[in-house]
Amino acid sequence: MTIQELIEKTAELQISLSETQVKQLEQYAQLLVEWNEILEKHFYDSILPLGKGKIFGKIADVGTGAGFPGLVWKIVKPELDVSLIEPTGKRCTFLQEVMNQLHLENIHVYNTRAEEQVKTDREQYDVVTARAVANLRVLSELCIPLVKVNGLFLAMKGMQGNVEAKEAAHATKMLGVELEETQDISLYTGDMRVNLYYRKVSHTPQQYPRNYGQIKKKPL
């Protein structure tokens, strides 16, 4: 049904909608759409890996943006110690406000890039994740140096995840991880999600990560 059809059908019920009322209904409809998308495309998608029982301890979410998945994980599993790594200052301000309003503890926001964070937190995290940040060849070099040996690198990807995994096989091996499990999920919307679980089997060589310009220009 279009908004014009709604106006006409409503008029048949002897109810006349004003221009303001029509705009309010349109805005309400838009909010409903956005809310449904947030619940599935962001909240449910973020929660999916938690069902595997592999997410525990000290967590780093690289390029967290508005807090997906790290902030959602903290809400669903309060026992986690979560670090949100985000280079954009405005997003960090938003994340801090959410944390304050929700009274969350043991969660930290770092307004920096992953390759800078590794200088202080190298191989300090049980789980390092990233969702919709970069191609896996680039993402691996940003995230894996933060993972402790025996820890987990979880790359949350879209429908091309398995293709990216093959392309990044050389990079992931060089950086010290092995692909342990692949989770292929179809959301209600039909969107495909591929979660790649990599186990850290050896220390990442000290020369990695390089600076972001080098990583992007010449991925491993």
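The values are calculated or read from the model by the stated rules, or taken from the named source; none is laboratory data. Since the model is a prediction, treat every value here as computed from it, not as a measurement. Methodologically, a virtual Cβ is constructed for each residue, glycine included, from the backbone with ideal geometry; neighbour enumeration extends over all protein chains shown. Areas reflect the complete protein model, heavy atoms only, side chains present, ligands, DNA and RNA absent. Shrake-Rupley method; radii C 1.70, N 1.55, O 1.52, S 1.80 Å.
The value of relative contact order for region 81-188, using C-alpha pairs under 8 Å at least six residues apart, is 22 percent. Within the assembled protein chains, the solvent-accessible surface assigned to Lys77 is about 40 Å², based on a 1.4 Å probe. For the residues Lys200, Lys173, a 1.4 Å probe over the protein chains yields an accessible-area ranking, largest first, of Lys173, Lys200. Given Lys166/Lys218; Lys41/Lys217; Lys58/Lys148; Lys41/Lys157, which pairs have Cα atoms separated by over 19 Å? Correct reply: Lys41/Lys217. Largest to smallest in accessible area, the residues Tyr197, Tyr208, Tyr188 fall in the order Tyr188, Tyr208, Tyr197 (1.4 Å probe, all protein chains included). Would you calculate the separation in nanometres between label points at Lys166 and Asp81, each defined as 7 Å from the Cα along the Cα-to-beta-carbon direction? According to this spin-label approximation, the distance is 4.0 nm. Just the Cα atoms of region 1-52, one point each, no solvent: what log10 I(q)/I(0) does Debye give at q = 0.21, 0.23, 0.24 Å⁻¹? So the normalised log intensities are -0.77, -0.84, -0.88. The 3J(HN,Hα) values that the Karplus relation (6.51, -1.76, 1.60; θ = phi - 60°) gives for region 159-172 are, in residue order, 5, 8, x, 5, 5, 4, 4, 5, 5, 9, 4, 5, 4, 5 Hz. Gly and Pro appear as x.
Computed over the chain with a Gaussian network model linking Cα atoms closer than 10 Å, the most mobile of Glu116, Glu86, Glu12 is Glu12. Dividing the C-alpha radius of gyration of region 1-113 by 2.2 N^0.38 Å, with N its residue count, gives 1.53. Accessible-area rank, largest first, for Ile215, Ile47: Ile47, Ile215, with all protein chains present and a 1.4 angstrom probe. On the chain, 53 percent of the accessible area sits on carbon and sulfur atoms, based on a 1.4 Å probe.
With protein chains left intact and a 1.4 Å probe, residues in region 93-218 average 52 Å² of accessible area per residue.
A cut-off of 5 Å between modelled amide H atoms, ignoring neighbours fewer than 5 places along the same chain, links Gly151 with Lys200.
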